[in-house]
Every structure is written in structure tokens, then in C-alpha cells.
Amino acid sequence: MLKIVTARAYSGKTTYIMDEIKKNINDNTLSYLMAPEQLTLETEQMIINTIKKPIFLCKVMSFERLSAEVLSRVGGLKKEYIDDVGKIMLAENILLKNKEELNFYKNSINKSGFLENIIKIITELKKYEISSKSLSSLSSKINDKILSQKLKDVAKIYDLLEEKISDKFVDNESRLNLLCEKIPEYTKNKKFKIYFDNFVSFTQLELNVIESLLSNEIDITMTLTYYDTDDSSFDITKKTLESMIKIADKAFSKYEIIHLDQSYNKIEDLKHLEENFGKFDFKKYSKIPQNISLIKFDKARTEIMYLANKITMLIRQNESDEKKYRYKDMAVVVTDSVGYAPLIKEIFDMYDIPYFIDTKRNITQENIVNMLFSFLDMFVKSPNHSNIMSFFKSGMSDIKKEDYEIFENFLIRWNMDSQKFINIKFFDSEKYFNDISDYDRERICYVKDYIMNLYSKYKQILSRKNKVKVFSQELNRFFKELNCQQKLENLVEELKLTGNYEIASEISQIWNILLSTLDKVNNILDDYEISVDDYKKMLYQGLSTQKIALIPPTMDGVMIMDIQRSKSLGYKVLFAVGMNDTLLPHTFKQDVIFAEQDKKILLENDINMMSTSANMLSQENTALYIILSKTREKLYLTYNISDVNEQSAGKSSYLHTIENIFPNLKTYYISSETLQNKKTNSSYFDNITHKVAFAKLKTDLRDMISNRNFDEDSLKLYDYFLQNEEFSDETKALKNSLFKKNDIENLKETYVQKLYNLPLQSSVSQIQTYVKCPFSYYMNYGIRPQKRQKQKVDRLNSGNILHKYMDNLSKQVLEDKNISILDSKEKINSFVDKIYDEEDFLDNDMKMVTSNSKRQFHIIKNLKKISKKATEIIMEQQKCTSFITESAEYKIKDIKIDINDDKDDKTNHIILRGIIDRVDKLVKDGKTYLGVVDYKSSVKKLELKDVYQGINIQMIFYLYALTKKDENYKDASPYYAMYFPMIDSKIALSEEDFEQSENGEQIKKEHLRQKEQENMKMAGIITDDINMIKSFENDIEGKSKFLDVRIKTDKAGESTVTSQSVVSEEDMKKIIDYVINIIKISANEILKGNIKPLPVKEACEYCDYKNICEFDESIDGFEYKKIKKLNKKEVLDLL
């Protein structure tokens, strides 16, 4: 007999069933109460609370529990059970072996999510009894070629998977089929009545089970949320009702439909919502709803702050009332659990609200899982910096943190962090430990021995193909050797003692899932021989599809549910949160196997897949109707101007529907300002906790200080927290942060003397650093903290190597004007190779690095290429210049500059030193002219505006040092200061740069050479004497080949030099004088102890010390040094 009890939501269907079960208990009749899997725990609690007597005559069942019950009693569990995780791992192994048999999905096997989705599709097909033959048959009939290929591939995968599963395993779907077969035998010896409650729909396999029960004369009573009316909320349950009638007829069973017309909802407006929610011809509610609230917020954070405050208010205001609310009486249904979960966790914790978020979390990034994959990666590749350090940082090894950190420093220093493997010879050679203490060397080698011994123990098994069960056994041995279980158990106990039950539960679950997955891999593929790489991939597939589900830490807690997964027996108070049009109705992701259009074609051909967007939206509509309708006392509907993902959003169409049903429903707007406004919303502050009040105080005090508008209540609250033991330290820290400003005092004179070892000895590049930021100078040249060493050819070392080469070029060729030895490209190439191959050209550290790293070796190779290009250009320049290279790497002797004229002690001067890359000289008409050249491994310009600001004065100072202080060049005229860029930049080519030849189109060599010259033009400051320009470049006509200048000749034959780089001889002298003044001012500030962070903006970008100075423009006194954008004329006028 089939009895179907239909009614609207909250109309007594469950009560009807519970009354029946009570009668059965009184008659000693066994009852099975079937509930959806997600509701079994809640249903058990409901039975205990309702019946209030021993309930051994009533068992809560789901289809999974019923299968286990029947098959355990009458047999049938001979095969091992395989879940979806096991199927995914099995599918990966099968598909990798049979990849070539696929067509459309051949290259999709390794794509993220493919295996999970293919198993999901096949599971759905099985649930609705759609065979692989049906797919194959349809593939040959339809005209859509792409869908035809998809169907053939899915059918093939379906067959391959079923063949493997049927040999050894039983899955959920097979178990339901087996359940149908065993029900006749089970019902012979077991008499019971069965009840179905809170179901909306059934799969075909579940319908088969119901049919089998009816065929074996088991009485079934089923509730359905259904009402015979034009209401979209009942579309799904209407189809379910029709299916149940067909099954009863098919099983030759009588059926009875009982309709309950009463409503348990006594709240008028909530009852009206339930009756009209899904109707097209709804009836409008003429009154103002008293128990339904519609609230709009500026953002999701304000929304959850309001929510937490309202829950606290509801709890507190009824504390003396017998009908007071408890946390378990309330629920929050969210439209996006991923977006809302962190917000709810943060704010509910501040309000001390107990809650349970009904969501699951991926485990692949957890420490113990990371540790396992890092260990396996050592055998897939080899032990390297990445997998070794990931292994240590999991915290599961026996190595102390300070020991593996010094080991990591050693790896980084010798560039092993970028290598594919750890080279053991580094640890055996003395030269790598020259400046490392014996104690530290011992620690480094101990860590190396630990990891290499561990690696060696498992290398024989894990480094070659083996059976899956052998790999699993080795990993279990590995876990035992590291004592992982005991370490995790100790950690769990520590967490429990400190009240961190949630984290303790997570760790326990992760460990159990990991062991369970190892067993699954072992059981599913035990006889297969695979590589450790394939084993690792399968293990990852198995773990990535599993998630930890948290158990509610307390019975009295607010339930947080995602609307997509919401199943509940109803709550007194419901908050429907995030009801924006961007989130509800839900936008379902496109299926990676069958697109929406594919499913429509399948439906037209009698293959009905339930995972269509239309069907899922219908399920969402029904779920929303049920959860709203089961709200018994208060309903809060909320949405935001900007949704939880910070997208501009409007209200959901469901809210528009509710507004149409309730035309007098007012929408309240609450912003973060109005929510926490003491004048307009004082009740908010009646329901806050100490944590919330302190968070609010932080904001208020910042506003007070910013606006200079002091509030007496906030100051009293500040005093309160200062006296409160729990918040005292945090309040003091708050005070320090609020009143923080850039008020770093000057260093004391005695400290300056010790720090800089007066008299002050420096270089102009260091003075430039001071001008850019005094604090950076203080750290770099005063404190001098030790940085993590890394021996590699970085930008700095590249520059040093190029400088060293140019020094060799200058001394061997340029100084002797011996350019004829490099008069061809071949000779230049040979010369460069010879210099680079000299024994002492690279220091020992560089040699060690380049010999052990292909990447570093190729960087040196590229530096050679740059050196060859630069040499070609310099040789060409030398041919057409009257200047000679006077000296290379010219050392400037100590130059003493007095800071103040009225003092004469060691605190009144600075001694400057430096090395000039190249000094050029020309003697003409009895007068000497000097130029200085600096080789740069990057593009750099010497612009007047930077000289004026003091951030690029080094080259100008070199001219001063030579022409004013050096006996060899005293009274010479400063002529130019230039940067020579030694770079390998890309060259843009156009059509005119190509020509046709016998071998096809080729680049014109002369054009390429010109463009290379253009990229390596010298840039800087030069005087405007046209005769001198022609001496620098004898054959100049118009645009210079080597400088950023141009000679213009007017109609009268008068020539002038044009460029932003050109200044008069008089201006050059003014520039030099100005630079010396900058040096004096900067040195004076250094000696006064001024270390205040006052940087130019660019200085902070790559600064190593920005986390120490804590520069913040929003804090009083912190500001960037103002750099004026000046052109040449403006600078010269200011000078």
C-alpha cells in the first residue's frame, strides 16, 4: 500500500508521519524513516525530541543506510565498495592506458576537473538507467558531428570503467540495483513500515527500490510538498507525484493520496508568503508585513555586521522570556558560501556567536598532504630546493626550524634554489664553506645527511616502476618512520586543550582521509605496475576531490547554509543573505562534458539528463520556497549595492516577486556609517561585545585624530579598555599606531661618530643614496645588516663583469691608441673570448656558480655578446675621434671637502673617493679638455633635472675631481660626462631594413648596425662648443652616430648644436659648483644624524628596508620628497 501525503510547506506532513510512527511503536511495529542523506542527523534529533522514549523500533534511514542494512542481513556485499574518489583514480589509470581509443576527449584527460566531471556524468547516466549502448546508438543518428564524437567517447569511457568496476567493486548505483534484488529475501524475515519524508525528487534507481518495496507488500507512506495549483514551487514535486502513481500501478499496489489542508504557520504575513511565493496569479498582501524585513546594504561586510548584531539582540531581548530564542532557532542561508564564509567567521567570532558553516574544504594544501607530495616529488624528479624545503616546512620532520633555515641559506647562496637537483659535491668541498663557521657547517651537513639518508632508504622502491600496493606500503612505512600519527595526535590534543576544537577536528579528518585514500589506491590498483609519477598523480586526483566536512561544535549554534545545499526542517528565524541578481538565480557553470545545447539534443532523443540549467534552476526555486516557507516567526531578506564579490549588483528577481506580493513592504537602506551611528542607531550599541566595541573604537579614534574632533564617549571607552586586562596590551598598541608619525629623531653626536667612524669617508654614489632617502643611507652604510647571500650573475654582478672587461679593453687597446689590433669583427670576437677565458677574469665564486648552472653560464655567454657589440661600436668611434682614452678605472685620490667654513675639525669635512670607468682627453690649441665615461649595464640617462635634485651627481663630481683637485689634470676644462649603455636590447625592424638575395629575404647588415649603434649611443651632458663636437666625432654631419646630439646648419652656413644634453661652458661650471654644494648640504645632514625616512618615490620600489622604516603616506610626517619636473632651461635658470 502506498500512501502519499501532500501539502504545502509547514502544513503538518512530518507531524502526520510522526503520529504514525508513534502508533507503530505502541504496536511493537518496526518503522524505517527515510530522509535525504544531508538530513539524517537532524531527523534523528527530531525523533528523539518528539517521541521522548526508546526508539529502537524506529530507525532513520537513507538509501545508502538501507542498502547497508539489507545487504548485511541477506548477503550481497562480496565485492568491495568503490566511491567516486576511487572511480576517479581508476578512471585516470584506465584512460591513460586507452587514450588513443578516444577522439574528442583524448587531450582532456590531464585537464583540471575533467576526470571529476566525467565520473559525475557517468554516475548521473547510471542513476537514470541510461546505458552506454544508448549513447553509442544515438551518436550514429544525430547530425551534430561534435556531439556525436562526445557521445562515442563518453560511451567508451563508460564501458571501460564499468568493465573494471564490475570485476571487483560495487558502487552506489550497483548497490541500489543489488538492493532491489535482495529486498524480496529481506522482507520475508523482516516486517516493517517505511516512511519517506523531506524528499523532493528521486533518481530512477531510487524509484526502482520503492517499486521493489511495494511489490513485496511493504507499506509505504511518503510526504510531498505539493499543492494542486498553478505554482512554480511545485513543478518538481508534481513530476515526483506522477512518478509515484506510475510505480504503484506497475507494482500492482494500491495507493492513496491524502491532502492536508491546514497550515501550522500562524504568522499571517509568513503564511501569505508561503501561499503565494510561486504563483503567477498571486494575491497581494494589503497590510504592512510585521515579520518580514527587506534590507539593502552598501556592502557585504555591513550586511554581516547587522546580521550578527540582530542575532545578539534576539538572544538578549528574550533572556527572561520562556519562549526566548536560542542560537539553534536561527539559520542563515547564503547565496555564495565561498564569498560569505570568511566574513561570517570573522564577524560572528567577534560577537561570540556559536555557528556551524555547512560547507566543505579542499585538503590538498594542508601541511601533511604537502609533505607527502614533496617527498614523492623527490623521486619523480630528484631532491631539489623546492621539494626539500616544502618537506621541512610541513613541520613533520625531526629537523629544527633554525637548522633547515641555515641549510636553505646555503642552497640559495650557491644558486641551488633554481637547480633541478641538489649537488652533493657542494657539501664536500672546502671552498663552499670558506666563510662559514664549523658549527654552522656541521648543522648544514646534518640536514643534508638527514634528507639524503631518507631519500636513499626509499630510492630503490620509489624510483622505478612498481605495483601500486608496493608504493602504498612504502608510504605507510615512511609515515611510521616519521612518527606522523603520534605527532598529529599530540598536536590535536594541544589544540583541544586551548579550545581550538574546529582545527583539531580538521587535522584528524585530513589524516584519516589521507590514510583512507592510500588504501583506496592500493585496493583499486594493487596489481598495476606504474611509475611513482603516475602514482603521485592518482593520489592527487583522489585527494583533490575529497573535502573535510566540519561537525557542529555545539548543538546550540546558528546554522549557515548555502542555498544550493540547503536542507532543513525549519527555523524560527531565517536570514536570507546576499539576495543579489548577480548571485540569485544562480548562474550554473557550463558542463565540461556536455554543453547545455548538447543536453537539449539528448532530451529530444529521450535521454533525459537532470543536470540541465533549467532543471537546476527549478530545484533552486523549490529549495528557496521550502526554506522560506518553513520559517516560523521572522524572515530577514538582505542584499547589497555591491555584492560579496564586490561587483555592482541589484536585487534578485525573487525579491522583486516578494515585493509584488507585499506592496507595503518597505526597503530599509543601511550603510556602514548609519549602522554604527550612535545618534540614529543607539540600539546597535546595546548588543555589541567587547571585541566589536574595540574594533569600533579603533575606527573612531582614527577618525577623531584625522578630523581633530574628539568624542568624550570614545575617550571614556579608550580608558576602559586600557584598564581591562584582556585588552590592555592591544589598547597600548593601538595608541602607538594612532599617534605614530615620522618623528625619528637625529642620532646623537657620539653615536654618529661611532657609526660612521669620523671623519666621514664616502663616495658620491653613497651621497646620492642619502639624497634619495636618508634612512636607506643609514641602513646601508651605518647599520649594514647582513643580507641573505646569493652567488649568481645578477644585475650587480653583470655590471661588474662588463666593467672588468671594459677595463681590460681600455688598458690593452684604448690607452695605447692601438685600435688596429681590433680592426675586424673576427679579431674583436677573438679578443673578447680571450679576456673572458683568462684565469682571473671571474672570481672563484662566479666560476663555481657558472660551472654548476647552465642558466648562469648562458648569462655569461650573453655578457660576452654585449661586450663584442660594445667593442665594435667603441672601435668605430675611436677611428673618428680626436679624443684619446687617457685612463681606465682611474682612482680618485681622497678629496677633502669642507662642509662649514667656520669650523675646522673632523666633523666639518667629508672625504670622497671613487673610480672613474674611463677618462678621455683632448689637447687643442694649447688647452686640455676632459671627458668621463661610465659603463652601464642598463639604460640610464644623465639628465639636468636629476642633477639639480641631487639624485644623479656622480659623473659631474668626477669632472670636478679631475679638473679641480687632481694634479694630473688641474686647470683642464670639463667637456663631457657620459653613460655608455652596454645592453642587449631588442631592435625594431621595418620593411626597408630587409633586402632580397639568393637565399630569400635578409636583413640589411648596415641597417642592423645603425640600429645597434642607436641603442648604444652615449647619453649625458656635453658643452656646446661646435668645434669640440667635431673633434669628438670628426665626420659628424647632422645627427651624431655616437651621441644624442645633432648639428644644424642654417641658410647662412652657421652651425649650432641642438640637444637636451648640451650646455654652455659657463653653465657646466655652474653645474659643477651646484653639485659640490649638494654634497656639502647632504654631508652636513649625515653628520647631524638625520636619518628620517624622506624618500623619492622610486627609492621605495626595490628598497630592502621599507618594512623597517614603515613608510606610510597616510601617517603624519611621512611624505615623498617632491621632485620637480624641470626642463633644461628651467634648471639652468635656477642655477
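The values are calculated or read from the model by the stated rules, or taken from the named source; none is laboratory data. All figures in this text were calculated on a predicted structure; none of them were measured in a lab. Don't worry about glycine lacking a Cβ; one is built from the backbone with ideal geometry, like all the others, and counts go over all protein chains shown.
Within the range 934-959, being crowded, with 24+ Cβ neighbours inside 10 Å and either more than 24 Å from C773 (Cβ to Cβ) or not assigned by TED's automatic domain parsing to the domain that holds N1015 (or both) holds for one residue alone: L959. On inspection, I1123 qualifies as of a type in the set (V, I, T), at pLDDT below 85, surrounded by 12 or more Cβ atoms within 10 Å (Cβ to Cβ) and farther than 23 Å from K1017 by Cβ.
One line per residue, one yes/no per condition, for (1) outside the structural domain of N476 (by TED's automatic domain parsing); (2) within 30 Å of L475 (Cβ to Cβ); (3) surrounded by 22 or more Cβ atoms within 10 Å (Cβ to Cβ):
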| site | (1), (2), (3) |
| --- | --- |
| M330 | yes, no, yes |
| I344 | yes, no, yes |
| K393 | no, yes, no |
| R413 | no, no, no |
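Looking only at residues that are polar (S, T, N, Q) and in a loop (DSSP other than H, G, I, E, B) in the range 900-959, which one is nearest to the chain's Cα centre (by Cα)? In this case the residue turns out to be S938. Exactly one residue out of K1124, K1129 is without any contact (Cβ under 8 Å) to a residue 40 or more places away in the chain and more than 24 Å from F739 (Cα to Cα): that is K1129. Being part of a helix (DSSP H, G or I) and of a type in the set (D, E, K, R): is that true of E129 here? When the stated conditions are applied, E129 does not pass them. Inside the range 755-781, residues that are surrounded by 21 or more Cβ atoms within 10 Å (Cβ to Cβ), over 42 Å from the mean Cα position of the chain (by Cα) and among the hydroxyl-bearing types (S, T, Y) make up a count of 1. Are any of the residues in the range 290-299 in contact (Cβ under 8 Å) with a residue 40 or more places away in the chain, under 24 Å from A9 (Cα atoms) and assigned to a loop (DSSP other than H, G, I, E, B)? Yes: the range 290-299 contains one or more residues that are in contact (Cβ under 8 Å) with a residue 40 or more places away in the chain, under 24 Å from A9 (Cα atoms) and assigned to a loop (DSSP other than H, G, I, E, B). None of K834, K854 is modelled with pLDDT of 85 or more, surrounded by fewer than 13 Cβ atoms within 10 Å (Cβ to Cβ) and farther than 20 Å from R918 by Cβ except K834. One residue is enough: does the range 169-192 have a residue meeting the conditions farther than 30 Å from Y32 by Cα, more than 37 Å from the chain's Cα centre (by Cα), polar (S, T, N, Q) and surrounded by fewer than 19 Cβ atoms within 10 Å (Cβ to Cβ)? No, that holds for no residue. Being in contact with a strand residue (DSSP E or B) (Cβ under 8 Å, 6 or more places away or on another chain), basic (K, R) and modelled with pLDDT under 90 is a property that K190 has. If only residues of the range 405-446 that are part of a helix (DSSP H, G or I) and touching a His at 6+ places or on another chain (Cβ under 8 Å) are counted, the one that is modelled with the lowest pLDDT is S418. In this structure, K111 does not qualify as exposed (fewer than 15 other Cβ atoms within 10 Å of the Cβ), in a loop (DSSP other than H, G, I, E, B) and touching a Ser or Thr at 6+ places or on another chain (Cβ under 9 Å).
Annotation: S72 fulfils all but one of (1) at pLDDT below 90; (2) closer than 24 Å to N177 by Cα; (3) hydroxyl-bearing (S, T, Y); (4) crowded, with 20+ Cβ neighbours inside 10 Å; the unmet one is (4). Within the range 61-83, the presence of a residue that is touching a Ser or Thr at 6+ places or on another chain (Cβ under 7 Å) and among the hydrophobic types (A, V, I, L, M, F, W, C) is excluded.
Just one of the listed residues (K869, K865, K847) is in a helix (DSSP H, G or I) and either assigned by TED's automatic domain parsing to the domain that holds Y935 or at pLDDT below 85 (or both), and it is K847. Residue pairs whose Cβ atoms lie under 6 Å apart, separated by 6 or more positions or on different chains, with the first residue in the range 341-358 and in contact (Cβ under 8 Å) with a residue 12 or more places away in the chain and over 16 Å from D329 (Cβ atoms) and the second surrounded by fewer than 20 Cβ atoms within 10 Å (Cβ to Cβ) and charged (D, E, K, R), are M350/K691. When the residues of the range 372-404 are filtered to those that are among the aliphatic types (A, V, I, L, M), assigned to a helix (DSSP H, G or I) and touching a residue at least 40 places away in the same chain (Cβ under 8 Å), the one that is nearest to Y446 (Cα to Cα) is I388. Being exposed (fewer than 11 other Cβ atoms within 10 Å of the Cβ), among the polar types (S, T, N, Q) and over 36 Å from the mean Cα position of the chain (by Cα) is a condition met by at least one residue of the range 703-721. Examine the range 874-884 for a residue that is assigned to a loop (DSSP other than H, G, I, E, B), touching a helix residue (DSSP H, G or I) at 6+ places or on another chain (Cβ under 9 Å) and among the β-branched types (V, I, T), and state whether such a residue exists. Yes: the range 874-884 contains one or more residues that are assigned to a loop (DSSP other than H, G, I, E, B), touching a helix residue (DSSP H, G or I) at 6+ places or on another chain (Cβ under 9 Å) and among the β-branched types (V, I, T).
The single condition among (1) in a helix (DSSP H, G or I); (2) buried (at least 20 other Cβ atoms within 10 Å of the Cβ) that E163 does not satisfy is (2). Considering only residues in the range 11-23 that are closer than 12 Å to Q262 by Cα and buried (at least 21 other Cβ atoms within 10 Å of the Cβ), the one that is modelled with the highest pLDDT turns out to be K13. If I filter the range 448-464 for residues that are touching a Lys or Arg at 6+ places or on another chain (Cβ under 9 Å), within 15 Å of L372 (Cα to Cα) and assigned to a helix (DSSP H, G or I), do I get at least one hit? The answer is yes, given that some residue of the range 448-464 is touching a Lys or Arg at 6+ places or on another chain (Cβ under 9 Å), within 15 Å of L372 (Cα to Cα) and assigned to a helix (DSSP H, G or I). For beta carbons closer than 8 Å, sequence separation of 6+ or different chains, a first residue in the range 180-208 that is closer than 12 Å to L224 by Cα and a second that is in a helix (DSSP H, G or I) and basic (K, R), the qualifying pairs are D197/K13; S201/K239.
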